[in-house]
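Chemist: Dropping a structure here in structure tokens format, bear with me for questions.
The values are calculated or read from the model by the stated rules, or taken from the named source; none is laboratory data. What you are looking at is a predicted structure, and each value in this text was computed from that prediction instead of being measured. Methodologically, a virtual Cβ is constructed for each residue, glycine included, from the backbone with ideal geometry; neighbour enumeration extends over all protein chains shown. The protein model used for the area step is the full one, side chains on, heavy atoms only, and it has no ligands, DNA or RNA in it. Shrake-Rupley method; radii C 1.70, N 1.55, O 1.52, S 1.80 Å.
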Amino acid sequence: MISVVPPSIKKSRLHPCGNAPDHEYVPSRLPIHTAVPAKINRYPNVLPTLMDKLVIRGGSPLLGTVRVSGAKNAALPCMAAALLTEEPVILENIPQVRDIQTTRNLLAAMGAEVELGYGVARHRTTIHCKNLTAPEASYELVKTMRASTLVLGPLVARCGRARVSLPGGCAIGQRPIDLHIKGLELLGAKITQEHGYVEATASRLRGAEIVFDKITVTGTEDLLMAATLAEGETILQNAAREPEVADLADLLNKMGAHIEGAGSATIRVKGVSKLKGAKHRIIPDRIEAGTFLIAGALTGGDLNIAGCDPAHLVAVLAKLKAAGVKTKSSKDSVRVMGDNPFTASDLSTEEYPGFPTDMQAQFMALATQAEGTSVITENIFENRFMHAQELVRMGANIKIEGRRAVVIGKTQLSAAAVLASDLRASASLVLAALVADGETIIDRVYHIDRGYEKIEEKLKAVGAQIRRIGNMLP
């Protein structure tokens with residue numbers, strides 16, 4: 001195992017999570033350390049060069065079995081939950097993707113000891129937050145991964161203070177953390193904002209009833225973690241119902257929390273004074289599973305998506321059926337058969353259990369090959385059609401009308417040099433390239449490396465003509 005630990009920090013700067021008096025902590029002066037041993041480069045998809053590109057030759061049907069990795073969006077809050085206890089938390093089925101490495105760096109900067117598995121244990125991570133020497137998340141880390149703000153609630157709950165950079169804008173739209181802040185204030189935290197940072201302090205949080213103005217996944221997760229150590233009962237109303245929220249609650253209960261209703265709109269939390277360590281296996285990645293389902297259908301293949309949870313894919317499977325795609329589900333896998341012609345089908349993204357916004361771009365790639373006109377409405381993010389113009393460069397017929405995209409199919413796609421703008425946009429370009437005529441080059445694939453583990457290796461194993469090239473001159 002490899003340990004990621006921050007350089008030693010003088011004892012005079014320890015805060016209440018360590019061993020020094022309260023008044024000696026100076027958060028705004030602490031350096032942010034991201035100690036990453038060179039050996040971590042054994043994972044080529046975790047820290048690739050920013051110049052890496054994917055080269056894909058279309059026309060090959062995908063045949064065989066592809067195994068889904070653990071869910072990045074479940075792993076990230078579970079890693080943040082380790083901040084709530086001084087005992088080790090062991091997480092299994094952790095995907096080897098860039099966002100996981102960013103979170104490891106963030107936790108290490110706070111003083112956590114993070115053991116990185118490799119070999120047969122490469123998907124296991126042990127996090128030990130015994131002494132947190134710097135309870136803050138710098139802009140340098142938050143700007144690369146907005147989920148870094150998930151540490152706000154756990155830090156103020158356990159340490160009594162936290163300093164986290166405001167995330168700012170995002171390629172796919174604004175993701176403000178105002179609901180996190182309002183919820184923490186209701187729990188008794190004092191919040192100040194200065195120089196682009198949120199600073200929260202509290203002697204101990206107190207239970208409260210929190211009604212979210214709108215559904216927020218990270219807000220629900222952040223306040224759920226904070227409430228576990230609050231005095232009394234907390235009720236979260238209009239909470240996010242995503243499987244990733246339920247997975248986080250499962251881990252927290254193993255750590256000694258008392259949580260009921262996770263996965264529903266109302267979550268009840270009875271606070272405890274202390275949490276313990278635990279061992280937990282992360283759920284499968286439903287978005288990766290959905291991406292491979294569309295890949296199998298688009299290429300006219302016969303693909304078995306193994307290691308997934310079909311119960312998490314109900315909306316995606318229903319929409320694929322409406323478009324004429326044949327699937328067959330079992331306990332932990334879904335088989336997709338792409339021998340049927342596709343028909344146009346309208347789509348609106350919604351919060352879970354509706355159709356996920358993280359699958360919208362991939363479905364648009366499918367719609368380009370469907371007979372008829374599909375209208376795709378994006379209700380979650382205001383700027384999530386950035387992939388559409390790149391698909392048009394490949395021959396797609398797409399018109400953007402505000403939050404609606406009108407896709408007229410079926411069009412013959414042809415290879416082009418395209419640019420990935422965000423994580424899911426890059427996945428849609430990979431899907432389009434798999435059926436395009438010729439050899440497509442996708443630039444900025446560090447976006448796809450944020451959330452898909454070794455995607456080129458998985459696709460190549462089932463017949464795709466795909467390779468990664470790097471170290472190229474601009």
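Chemist: Among the residues of the range 293-338, count how many are within 20 Å of Ala461 (Cα to Cα) and open to solvent by less than 50 Å² (accessible area, probe 1.4 Å).
Modeler: Residues that pass the stated criteria total 20.
Chemist: Follow-up. Could you list, in sequence order, the residues of the range 114-132 that are surrounded by 18 or more Cβ atoms within 10 Å (Cβ to Cβ), at pLDDT below 90 and basic (Lys, Arg)?
Modeler: none
Chemist: Now for a separate question. Any idea how many residues of the range 133-144 are in contact (Cβ under 8 Å) with a residue 40 or more places away in the chain, of a type outside the set (Val, Ile, Thr) and surrounded by fewer than 22 Cβ atoms within 10 Å (Cβ to Cβ)? Before you say what the answer is, go through the steps one by one.
Modeler: Residues of the range 133-144 in contact (Cβ under 8 Å) with a residue 40 or more places away in the chain: 133-136, 138-141, 144.
Retained after the next criterion (residues that are of a type outside the set (Val, Ile, Thr)): 134-136, 138-141.
Okay, now just the ones that are also surrounded by fewer than 22 Cβ atoms within 10 Å (Cβ to Cβ), so 138-141.
Looking only at that region, the number is 4.
Chemist: Within the range 450-474, how many residues turn out to be closer than 19 Å to Arg67 by Cβ, within 16 Å of the chain's Cα centre (by Cα) and either without any contact (Cβ under 8 Å) to a residue 24 or more places away in the chain or open to solvent by 10 Å² or more (accessible area, probe 1.4 Å) (or both)?
Modeler: Going through the range 450-474 one residue at a time, the tally reaches 2.
Chemist: How many of the residues making up the range 358-375 are over 23 Å from the mean Cα position of the chain (by Cα) and open to solvent by 10 Å² or more (accessible area, probe 1.4 Å)?
Modeler: 5
Chemist: Now for a different question. Out of the residues in the range 274-284 that are assigned to a loop (DSSP other than H, G, I, E, B), touching a strand residue (DSSP E or B) at 6+ places or on another chain (Cβ under 8 Å) and open to solvent by 10 Å² or more (accessible area, probe 1.4 Å), which is farthest from Gly160 (Cα to Cα)?
Modeler: Among residues in the range 274-284 that are assigned to a loop (DSSP other than H, G, I, E, B), touching a strand residue (DSSP E or B) at 6+ places or on another chain (Cβ under 8 Å) and open to solvent by 10 Å² or more (accessible area, probe 1.4 Å), the one farthest from Gly160 (Cα to Cα) is Ile283.
Chemist: Any chance you could count how many residues in the range 54-73 are in contact with an Asp or Glu (Cβ under 7 Å, 6 or more places away or on another chain), open to solvent by 60 Å² or more (accessible area, probe 1.4 Å) and closer than 30 Å to Glu242 by Cβ?
Modeler: Of the residues in the range 54-73, 0 are in contact with an Asp or Glu (Cβ under 7 Å, 6 or more places away or on another chain), open to solvent by 60 Å² or more (accessible area, probe 1.4 Å) and closer than 30 Å to Glu242 by Cβ.
Residue-wise test of (1) basic (Lys, Arg); (2) part of a loop (DSSP other than H, G, I, E, B).
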| residue | (1), (2) |
| --- | --- |
| Ser421 | no, yes |
| Arg424 | yes, no |
| Ala433 | no, no |
| Glu456 | no, no |
| Gly463 | no, yes |
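To keep it simple, each residue is scored yes or no on (1) of a type in the set (A, V, I, L, M); (2) farther than 23 Å from Ala265 by Cβ; (3) touching a strand residue (DSSP E or B) at 6+ places or on another chain (Cβ under 6 Å).
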position: Asp302; (1), (2), (3): no, yes, yes
position: His312; (1), (2), (3): no, no, no
position: Val316; (1), (2), (3): yes, no, no
position: Val325; (1), (2), (3): yes, yes, no
position: Asp339; (1), (2), (3): no, yes, no
position: Gln362; (1), (2), (3): no, yes, no
position: Ala365; (1), (2), (3): yes, yes, no
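Chemist: List the residue pairs whose Cβ atoms are under 7 Å apart, where the first residue sits in the range 313-341 and is at pLDDT below 95, the second is part of a helix (DSSP H, G or I), and the two are 6 or more positions apart or on different chains.
Modeler: Gly338/Gly296; Gly338/Ala297; Gly338/Leu298
Chemist: While we're looking at this one, here's another question. Go through the range 423-449 and count every residue that is crowded, with 22+ Cβ neighbours inside 10 Å and either of a type in the set (Asp, Glu) or closer than 27 Å to Met145 by Cα (or both).
Modeler: Selection size over the range 423-449: 16.
Chemist: Let me ask something else about it. In the set Glu221, Glu244, Glu185, which member is in a helix (DSSP H, G or I), open to solvent by less than 40 Å² (accessible area, probe 1.4 Å), closer than 16 Å to Gly153 by Cα and not β-branched (Val, Ile, Thr)?
Modeler: On inspection, the qualifying residue turns out to be Glu221.
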